[in-house]
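These notes concern the structure reproduced below.
The values are calculated or read from the model by the stated rules, or taken from the named source; none is laboratory data. Source: prediction; values computed, not measured. Here the Cβ positions follow ideal geometry from the backbone for every residue, glycine too, while neighbour counts run over all protein chains shown.
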Amino acid sequence: MIARLSHFLVTVGRNTQLLLIEVGRLSNLARHFLYWTFAAPLAGKQGLRRHSFVQQLIFMGNESVFIVFLVTASVGAVLALQAAYQLRQFGAVLYTGALVSVSMTRELGPIVTSIVIAGRVGASITAEIGTMKVQEEVDALTTMGIPPVPFLVVPRILAIAIMLPCLTALGDLIGIFGGYLIGISGLGLDSNLYLRQTFEALIPKDILTGIAKSFVFAILIGLISTYKGLSVEGGAEGVGRATTESVVLSIIAIIVSDCICTGVFYYIFP
Amino acid sequence: MSAVIQVENLQKWFGTRKILDGINFEVREGETLVIMGGSGCGKSTLLRTLVGLLQADEGKVLIFGEDMAHASEDKKNEIRKKFGMLFQGAALFNSLTVGENVALPLKEHTSLDEEIIRIIVKVKLELVGLTGFESLKPYQISGGMKKRVALARAIALDPKIVFYDEPGAGLDPITARVIDHLLMDLTKKLRMTSVVVTHEMNSAFRIADRMIMLHQGKVVGSGSPQEIKESKDPYVQQFVRGEINGPISFKETKEHYLKSIFGGDVGL
């Protein structure tokens, strides 16, 4: 019994230690990212590679816009149906539009879009950088005197930090539209009334807090996926493992930080 | 001839395992030095420590008199501009074309005009015998061509030193010979110093001005190819002749094997 308990404690201790080491390395990468994004250009060094940044922006937008639309439209439609199911009991189906627009912009738009991006873009960042690491391309950069962080990490994190809020704004809109389609076709609501309900309930803060959250998620996805890519070891198998870890960790980070952000917005900026 | 690289008492540990055990040697200007040794002798670790991919635990790596082992990251990057490196697997960037690969160090480290960079790239590719390959992607060319592109990239900034990691690895004998020939040609034409890590004896004797041999993290032999061939040292002899029986044993006991993995006493 005691032996089992001590084994359990040792395992917990070791895993905690590993977690702390990972967090330490991740924050080290964050420090390097901040240095190369803001401080290095002031010191006369080349920080952001503009060409690569634009390439990443286009890649991320192109890769994910369709899938984001598909997912947010579905979520909006489901939300309308589920809301109507409950509201009908109070004879308040009319308020479906309001519920969809507020939930979409405050919560579901940012979180659904971020999870899609973590799976689509985050995974591809980890796989790409990981493959470069395995094939010694990252070492080749280093020996050419080109630090990998400004060359590989900075353009990707900045691109995702700009693209994800944009996609979230579009996703909000498409989600509201998905709810609208269900509202007027499936629930028999009047189009004008639905739209009026939708936009009357919505205040700028709903949209802004949602976009602010998506920015936080973007930074997290960017940091985790580049970190996982750079820490790949052990060939193709290592790339596969790191890619899975990157997506899982990003999704966990999104949900946990969503909880924290929502708490902050609720209590500190009511 | 003056020394461009001086390695003094270099030591490197991985955990409790000592990989480099007090290495001393120097590389003189304009010569081709071959570092040879069997698998796991520490030659790749030595090369990675020389170029600053690994941090030395003790000792000095002086490149043009500046200590790579104890320099700041910025300083290391400055020193790195003075040498090029050819990786075993070429390590070309697959997202870039051949031309962009060669142009990369020029774009990053010089403020040259696009047009001038284009001309330099053309010249470098011509030097390695790949005229007109600029617009191809690395996956569209053969392994030997990749190595030559990587060589063109390594010499893009006209470095004084080029490091080669197993230049003939994974290539057929003829292509490997072409790479050797290029290496000798460039060393002579551009008056470069070459440091080559290899375990292929034919190639080593063909290109070397001087050789050093590593075994278990120590230099066990050094000299001209002729001196190495005639060396009385049993390790060197066994390696040069490629014999199974000799002081370098491949029949390891379990204790030996565990010791080599964990280092020190494992209490067996």
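Data for the structure
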| item | result |
| --- | --- |
| Single residue of A:ALA73, A:ALA40, A:ALA80, A:ALA98 found to be among the aliphatic types (A, V, I, L, M), buried (at least 16 other Cβ atoms within 10 Å of the Cβ), over 20 Å from the mean Cα position of the chain (by Cα) and under 25 Å from A:ALA159 (Cβ atoms) | A:ALA40 |
| Residue ranges of helices (runs of 4 or more DSSP H) in the range B:96-172 with at least 1 members in contact with an Asp or Glu (Cβ under 6 Å, 6 or more places away or on another chain) | B:98-109 |
| Flag for B:SER2 being away from chain A (no Cβ under 14 Å) and closer than 22 Å to B:VAL196 by Cβ | yes |
| Hey, B:ASP180 of a type in the set (D, E, K, R) and part of a helix (DSSP H, G or I) or not | yes |
| Flag for B:VAL197 being in contact with a helix residue (DSSP H, G or I) (Cβ under 7 Å, 6 or more places away or on another chain) and part of a strand (DSSP E or B) | yes |
| Condition check for A:ILE184: surrounded by fewer than 19 Cβ atoms within 10 Å (Cβ to Cβ), part of a helix (DSSP H, G or I), free of Cβ contacts under 8 Å to residues at least 12 places away in the same chain and touching a helix residue (DSSP H, G or I) at 6+ places or on another chain (Cβ under 7 Å) | yes |
| The listed residue being of a type in the set (D, E, K, R) and within 20 Å of A:GLY229 (Cα to Cα), out of A:ARG120, A:ARG88 | A:ARG120 |
| Boolean, A:VAL54 is touching a residue at least 24 places away in the same chain (Cβ under 8 Å) and not hydroxyl-bearing (Ser, Thr, Tyr) | no |
| Of residues in the range A:132-172 being surrounded by 23 or more Cβ atoms within 10 Å (Cβ to Cβ), in contact (Cβ under 8 Å) with a residue 24 or more places away in the chain and over 18 Å from A:PHE33 (Cβ atoms), the one farthest from the other protein chains (Cβ to nearest Cβ) | A:ASP172 |
| Cβ-Cβ under 6 Å pairs, at least 6 apart or on other chains, the range B:64-89 side within 12 Å of chain A (Cβ to nearest Cβ) and free of Cβ contacts under 8 Å to residues at least 12 places away in the same chain, far side part of a loop (DSSP other than H, G, I, E, B) and crowded, with 18+ Cβ neighbours inside 10 Å | B:ASN77/A:GLY145 |
| Where a residue in the range B:40-56 is under 13 Å from A:ASP139 (Cβ atoms) and within 13 Å of chain A (Cβ to nearest Cβ) and its partner, wherever it lies, is part of a loop (DSSP other than H, G, I, E, B) and of a type in the set (A, V, I, L, M, F, W, C), with Cβ under 6 Å and at least six apart | B:ARG48/B:LEU54; B:THR49/B:ALA56; B:GLY52/B:MET68 |
| B:ALA150 being within 19 Å of A:MET132 (Cα to Cα), facing chain A (nearest Cβ under 9 Å) and not basic (Lys, Arg) | yes |
| All positions within the range B:123-136 that are under 25 Å from the mean Cα position of the chain (by Cα) and over 17 Å from B:LEU86 (Cα atoms) | B:VAL123, B:GLU126 |
| Pick from the range B:170-202, criterion within 14 Å of chain A (Cβ to nearest Cβ) and at pLDDT 85 or above, ranking: farthest from B:GLN238 (Cα to Cα) | B:VAL195 |
| Hits in the range B:90-148 (condition: of a type in the set (Val, Ile, Thr), surrounded by 15 or more Cβ atoms within 10 Å (Cβ to Cβ) and more than 16 Å from A:THR143 (Cα to Cα)) | B:THR97, B:VAL98, B:ILE117, B:ILE120, B:VAL121, B:VAL128, B:ILE141 |
| Complete set of residues in the range A:226-261 that are surrounded by fewer than 21 Cβ atoms within 10 Å (Cβ to Cβ), of a type in the set (D, E, K, R) and within 16 Å of A:LEU19 (Cα to Cα) | A:GLU245 |
| Residue match in the range A:117-126 (condition: farther than 30 Å from B:LEU96 by Cβ and out of contact with any strand residue (DSSP E or B) (no Cβ under 6 Å at 6 or more places or on another chain)) | no |
| Residues being free of Cβ contacts under 8 Å to residues at least 60 places away in the same chain, within 28 Å of B:ASP158 (Cα to Cα) and surrounded by 19 or more Cβ atoms within 10 Å (Cβ to Cβ) - total across the range B:201-235 | 1 |
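For (1) touching a strand residue (DSSP E or B) at 6+ places or on another chain (Cβ under 6 Å); (2) surrounded by 18 or more Cβ atoms within 10 Å (Cβ to Cβ); (3) of a type outside the set (A, V, I, L, M, F, W, C), each residue gets a yes or a no:
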{"site": "B:ALA152", "(1), (2), (3)": "no, yes, no"}
{"site": "B:PRO173", "(1), (2), (3)": "no, no, yes"}
{"site": "B:HIS181", "(1), (2), (3)": "no, no, yes"}
{"site": "B:VAL196", "(1), (2), (3)": "yes, yes, no"}
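Let's see how each residue does on (1) over 21 Å from A:GLY119 (Cβ atoms); (2) of a type outside the set (Val, Ile, Thr):
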site: A:LEU167; (1), (2): no, yes
site: A:PHE177; (1), (2): yes, yes
site: A:LEU181; (1), (2): yes, yes
site: A:GLY186; (1), (2): yes, yes
site: A:ALA218; (1), (2): no, yes
site: A:ILE224; (1), (2): no, no
site: A:TYR227; (1), (2): no, yes
site: A:GLY238; (1), (2): no, yes
